[in-house]
Amino acid sequence: MKKMRKAVSILLAGCLVLGLSACGGTKNAAQDAVSQTAAGQKEDGGATEPAADSKTADTGEKVEISFSMAAYSNEVDGWTAMIDEANRQLEAEGKNIAIKINKVPCTGWPEYYQKVITQMAGGSAPDIGRIAESYMPMLINKGQVVDLTDYMADDFDMSQYYEKTFENSAFADGRYYGLPSGLNYYLVYYNKDMFDAAGLEYPSADWNKASSFEEYKNMAKALTGGEGATKTYGFSAGPYMAAVGMFNKSLGGNNVFDDNGAPTMNDSVSKEVYAWFDEMLRVDYSMPRPTDTKVMGAFDMFKAGRLGMILDGTWWLGAIKDIKDFNVGIAAIPSGTGGEAFTSQFVDSFVIFKGSKHEAEAWEAVKAIMSTPAFQALAKTGVGGVPVAKDVANSVIDESLGSAVDENGKKCAEEGMNHTIKVPYNSYYQEADQKVNNVMDEWLLGKISSDQFAENVQQILVDYAAKDASQ
């Protein structure tokens, strides 16, 4: 992640970070909470005279910048701590700006997004906010967020951040429309005690020489045993498009789409990946199926010592520290025939929303939120994923894992940040992905073959692409 150079005295669009779920809550409650104090801006980027009902930093009165956030109960404390610290930074720098949090009651990102755009349509847009990466292509295409490229060029030093985190869906056609609020990516967590008992070598922690598909399949089979409620499984991984795409890349294939943007989920490489899953699901029975995880989820199964390896996100780093019954290791993602492994990254963004009346002040607020002290405050709460600030990220991984994971495992977790690839979100990816996931059980439960499922995924994508092209 990196810093960016200094701010020009102009506007920036509202920051909104959308996660992987859907937001609820009432429209009026969300609108009432949104601050409408902000300064205007000219189309050419220059500041206009302030509106009669707004304040500016030049008047001596504090400009209030509204920060919109999804009010998930497990995240409110984290983002509140970050904003509180950002306000301290603004005050310390003599900025006449205060950030006010607008908590939008919700149960997931889709509804949250709808509430925000409703506010925008009504002329009460939040100034800044957080939004899920999957929504960025739509926000950009609809002109709902501010282009931050010029602000960043003048007043933001990217060298302080992990640069790859800026290569997400908020970056389009060479322009930046959001700044990364945090990073999540896939890792493999494994039960060292199960490996030791089976006399197996641990999976590779070297991202440049990762264990192959065949090696993972063989390890999974060797770790599987028992029956019924006490059965142990060798490996769990969700065959979602974000995972299949990164596996395809390790085999030299496409990450869901080819270079021209056409879906390729029924090509030979994709079918090879689906067939790899299929062998563990229905031949070796070394991977739990939906019926097996109905009562106890995969990660809970791992914590209970009934699962040898699980491919899941860095959002579980803090939970790993609480495992006391066995030793945990961290390995690189499986890589085709071996060699370099790739891990899909999930990077939500801070944005400035179009319609903010105080763009210049909003940019100053975003910079304060992106400061090292603000990321440190967030990190202490365990919210937001791995911080994008270099001087915070590694210490967070170390503290999150505590003594539960040895230095080799921590190093592997940290090195994963250098092997991330973006999920290829576009204007229809999110909706198509949800539809693919909704029909996935048909394959996982053995009603159709893996090849047929690959064809079904391809058709879903082709249909959405055609619909998108016609609009």
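The values are calculated or read from the model by the stated rules, or taken from the named source; none is laboratory data. Since this is a predicted model, take the numbers as computed values, not measurements. Don't worry about glycine lacking a Cβ; one is built from the backbone with ideal geometry, like all the others, and counts go over all protein chains shown. Note: accessible area is taken over every heavy atom of the protein model, side chains too, but ligands, DNA and RNA are not part of it. Shrake-Rupley method; radii C 1.70, N 1.55, O 1.52, S 1.80 Å.
In a DSSP loop and with at most 13 other Cβ atoms within 10 Å, the trypsin sites (Lys or Arg not before Pro) in the range 323-367 are Lys324. Available extension along the chain between Ala304 and Ala262 is 10.9 nm, counting 0.36 nm per residue and deducting the alpha carbon span.
Separation of the range 54-129 from the range 247-269 is 39 Å, based on Cα centroids.
How much accessible area per residue does the range 70-139 have, in Å², with a 1.4 Å probe? The partial results should precede the final answer.
On the way: 2550 Å² over 70 residues.
Per residue, the range 70-139 has an accessible area of 36 Å².
On C-alpha positions alone, give me the angle between the axis of helix 213-222 and the longest principal axis of the chain, in degrees, nearest 10. With both axes taken from Cα atoms, the answer is about 60 degrees. Report which label in (i) 23.0, 75; (ii) 24.7, 92; (iii) 26.2, 97 holds the value of Rg and Dmax of the Cα atoms in Å derived from the coordinates of this structure. Recomputing Rg and Dmax of the Cα atoms in Å here gives the entry labelled (i).
Tell me what the chain gives for mean residue ellipticity at 222 nm when only DSSP H runs of n ≥ 4 count, each as -39,500 (n - 2.57), the sum divided by the residue total, rounded to 500 deg cm²/dmol.
On the way: 18 runs with 173 residues, N = 471.
Mean residue ellipticity at 222 nm (helix-derived): -10500 deg cm²/dmol.
The overall shape of the range 85-244, judged from the alpha-carbon gyration tensor, is prolate: a/c is not under 1.5, and a/b is greater than b/c. Couplings 3J(HN,Hα) for the range 365-373, derived from phi with the Karplus relation 6.51 cos²θ - 1.76 cosθ + 1.60 (θ = phi - 60°), are 5, 4, 4, 5, 5, 7, 6, 4, x Hz, where x marks Gly and Pro.
Between amide H atoms placed 1.01 Å from N, distances below 5 Å from Leu148 occur with Tyr176, Tyr177, Gly178, all of them 5 or more places distant or on a separate chain. Hey, rough spin-label estimate for Ser403 and Asp391, points 7 angstrom out along Cα→Cβ, what's it come to in nanometres? Placing both labels 7 Å beyond Cα along the Cβ direction yields 3.0 nm.
To the nearest 10, the accessible area of Cys106 is 20 Å² with a 1.4 Å probe. Here the extension length gained between Asn438 and Thr337 equals 33.3 nm, from 0.36 nm per residue of separation less the Cα-Cα distance.
On a 31 Å Cα-Cα criterion, which of the cross-link pairs Lys217/Lys390; Lys100/Lys294; Lys221/Lys294 come out too long? Show your work: numbers first, answer last.
On the way: Lys217/Lys390 35 Å; Lys100/Lys294 41 Å; Lys221/Lys294 22 Å.
Pairs exceeding 31 Å: Lys217/Lys390; Lys100/Lys294.
Under a 5 Å amide H cut-off, with hydrogens placed 1.01 Å from N, Met296 pairs with nothing among residues at least 5 apart or on other chains. Computed from backbone phi, the HN-Hα couplings of the range 137-144 come to x, 5, 4, 5, 4, 8, x, 9 Hz, rounded to whole numbers (Karplus: 6.51 cos²θ - 1.76 cosθ + 1.60, θ = phi - 60°; Gly and Pro given as x).
Under a 5 Å amide H cut-off, with hydrogens placed 1.01 Å from N, Val63 pairs with Ile97, Ala98 among residues at least 5 apart or on other chains. Could you tell me which of rounded, prolate or oblate describes the range 314-471, using a ≥ b ≥ c as the square roots of the eigenvalues of the alpha-carbon gyration tensor, with rounded for a/c under 1.5 and, failing that, prolate when a/b is larger than b/c and oblate otherwise? It comes out oblate by the Cα gyration axes. When a/c reaches 1.5 or more, the comparison of a/b and b/c decides; with that in mind, is the range 351-403 rounded, prolate or oblate per its Cα gyration tensor? Since a/c reaches 1.5 and a/b is larger than b/c, the shape of the range 351-403 is classed as prolate.
Across the chain, the longest run free of exposed loop sites, meaning GluC sites (Glu not before Pro) lying outside DSSP classes H, G, I, E and B with no more than 13 other Cβ atoms within 10 Å, spans 228-471.
In the chain, what percent of the accessible surface is made up of carbon and sulfur (1.4 Å probe, ligands and nucleic acids excluded)? Don't jump to the answer; show the numbers that get you there.
On the way: 8530 of 19000 Å².
The value for the chain is 45 percent carbon and sulfur by accessible area.
Rounded to the nearest 10 degrees, the inclination of helix 450-470 to the longest alpha-carbon principal axis of the chain is 20 degrees.
Counted residue by residue at 0.36 nm each, then reduced by the alpha carbon distance between them, the extension gain from Gln114 to Asp154 reaches 11.1 nm.
Please list, by residue number, every one of the trypsin sites (Lys or Arg not before Pro) in the range 114-194 that is coil in DSSP and has at most 12 other beta-carbon atoms within 10 Å. Each step should come with its number before you reach the end.
Values: sites: Lys115, Arg130, Lys142, Lys164, Arg175, Lys192; in loops: Lys142.
Taking the range 114-194 and a limit of 12 other Cβ atoms within 10 Å, the loop trypsin sites (Lys or Arg not before Pro) found are Lys142.
Remark: the range 150-222 carries 41 Å² of accessible area per residue (probe radius 1.4 Å; ligands, DNA and RNA excluded). Placing dummy labels 7 Å off each Cα toward the beta-carbon, the span from Ser470 to Asp193 is 5.7 nm.
3J(HN,Hα) along the range 260-276: 9, x, 8, x, 9, 7, 10, 7, 5, 5, 4, 5, 5, 5, 4, 5, 4 Hz, from the Karplus curve 6.51 cos²θ - 1.76 cosθ + 1.60 with θ = phi - 60°, whole Hz, x for Gly and Pro. Rolling a 1.4 Å probe over the protein heavy atoms gives the range 314-389 an accessible area of 29 Å² per residue. Excluding Glu455 itself, what net charge comes from residues whose Cβ is under 15 Å from its Cβ, given Lys and Arg +1 and Asp and Glu -1? Here the count lands on -3.
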